[in-house]
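Novice: Can you keep this structure in mind? I'll have questions shortly.
The values are calculated or read from the model by the stated rules, or taken from the named source; none is laboratory data. The shown structure was predicted, so the numbers you read here are calculated from the model rather than taken from an experiment. Cβ atoms come from the backbone with ideal geometry, glycine included; neighbour counts cover every protein chain shown. Just so you know, the surface numbers come from the protein's heavy atoms only, side chains and all, with ligands and any DNA or RNA stripped out. Shrake-Rupley method; radii C 1.70, N 1.55, O 1.52, S 1.80 Å.
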Amino acid sequence: MTVDLKPALTMVLRQGTHAAHDRLDKRMTALNLFSSHDRYQIFLAVQYLFHRDISDIYSRADVAGLLPDIQNRNRLKLIEQDMQDLCVPYPMVRKTPPVVGTLSAAIGWLYVAEGSKLGANVLAKRVQDIGLTDNFGARHLAADAQGRSQSWTGFKAAVDALEWDVATSLRHAEAAFDRVTMHLNRCEPYLQAA
């Protein structure tokens, strides 16, 4: 009897995107995006652009079949409320949804979006120093109703329980990190005035 020792998809995605995630994290830290309202507004603009681009993935029927609570996980409306709290104008950038034909592709994008909620725990604490809370300016950094750990564990369990086109999921997870980086590049010039 042979035992299938293939690593879980979320582990493959974690390992495969580690370098891209690390580069983005270091860059955001170097830009000091959580030191003032002005700098945090740039972070919000980046979040808005990325989550606006991927918002359609959260309403796909095939994704809902895998993750029944998926529509409740979408943070776009919370980001918009945070922007309204701080009077952040909506960036004048055309929405460019990723081409996500298969569920394997969608999972790559969702892996990045859902995984970022774990790191949001640290960010939520940092923005308290500039007066932002779960009720003002930092709603999208708050934990899901079931808690960060349980939310991530539920996502991982649903994803890791099925067979996927691993190469497609990984390619799209990398594209998701590239998209966040692209939006950061687009917004970074505004930091000179912040």
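Novice: Using the scaling law 2.2 N^0.38 Å as the reference, what is the normalised Cα Rg of the range 142-194?
Specialist: Numbers: Rg = 16.4 Å, N = 53, 2.2 N^0.38 = 9.9 Å.
Dividing the Cα Rg of the range 142-194 by 2.2 N^0.38 Å gives 1.65.
Novice: Label the range 50-111 by shape, choosing from rounded, prolate and oblate, from the square roots a ≥ b ≥ c of the eigenvalues of the Cα gyration tensor; if a/c is under 1.5 it is rounded, and otherwise prolate applies when a/b is larger than b/c, oblate when it is not.
Specialist: Oblate shape, in that a/c is at least 1.5 and b/c is the bigger or equal ratio.
Novice: OK, next. Rounded, prolate or oblate: which fits the range 1-97, taking a ≥ b ≥ c as square roots of the Cα gyration tensor eigenvalues, rounded meaning a/c under 1.5, else prolate when a/b beats b/c? Provide the component values of the computation, followed by the final result.
Specialist: Details: a/c = 2.91, a/b = 1.50, b/c = 1.94.
It comes out oblate by the Cα gyration axes.
Novice: Averaged per residue, what accessible surface does the range 112-172 expose to a 1.4 Å probe, in Å²?
Specialist: Values: 3090 Å² over 61 residues.
Value returned for the range 112-172: 51 Å² of accessible area per residue.
Novice: Further question: Of Lys95/Lys125; Lys6/Lys26; Lys125/Lys156; Lys95/Lys156; Lys77/Lys117, which ones are farther than 22 Å apart at the Cα?
Specialist: Over 22 Å Cα-Cα: Lys95/Lys125; Lys6/Lys26; Lys125/Lys156; Lys95/Lys156.
Novice: Could you work out, for the range 18-64, what percent of all Cα-Cα pairs fall into each 10 Å distance bin, beginning at 0 Å and stopping at the bin that holds the largest distance?
Specialist: Going out from 0 Å in 10 Å bins, the range 18-64 shows 23, 36, 30, 11, 0 percent.
Novice: Okay, next question. Using a/c under 1.5 as the rounded threshold, could you call the chain rounded, prolate or oblate? The axes a ≥ b ≥ c are square roots of the C-alpha gyration tensor eigenvalues, and prolate needs a/b larger than b/c, oblate otherwise.
Specialist: prolate
Novice: Right, another one. Taking 0.36 nm per residue of separation and subtracting the Cα-Cα distance, what length does fully extending Lys95 through Asp160 add?
Specialist: Here the answer is 20.4 nm.
Novice: Leaving out ligands, DNA and RNA, and with a 1.4 Å probe, what % of the accessible surface on the chain is carbon or sulfur?
Specialist: 54 percent
Novice: How would you order 109-117, 7-15 from highest to lowest mean count of nearby Cβ atoms within 10 Å?
Specialist: Sorting 109-117, 7-15 by mean packing, highest first, produces 109-117, 7-15.
Novice: Just report the Cα centroid separation between the range 49-119 and the range 151-194, whole Å.
Specialist: 10 Å
Novice: Please quote Rg/Rh for the range 105-167 to two decimal places, taking the Kirkwood radius as Rh and restricting both calculations to Cα atoms. Provide the component values of the computation, followed by the final result.
Specialist: Values: Rg = 14.0 Å, Rh = 13.0 Å.
Rg divided by Rh gives 1.08.
Novice: Now for a different question. So for the chain, averaging the separation of alpha carbon pairs under 8 Å that are six or more residues apart and normalising by length, what relative contact order in percent results?
Specialist: The value is 34 percent.
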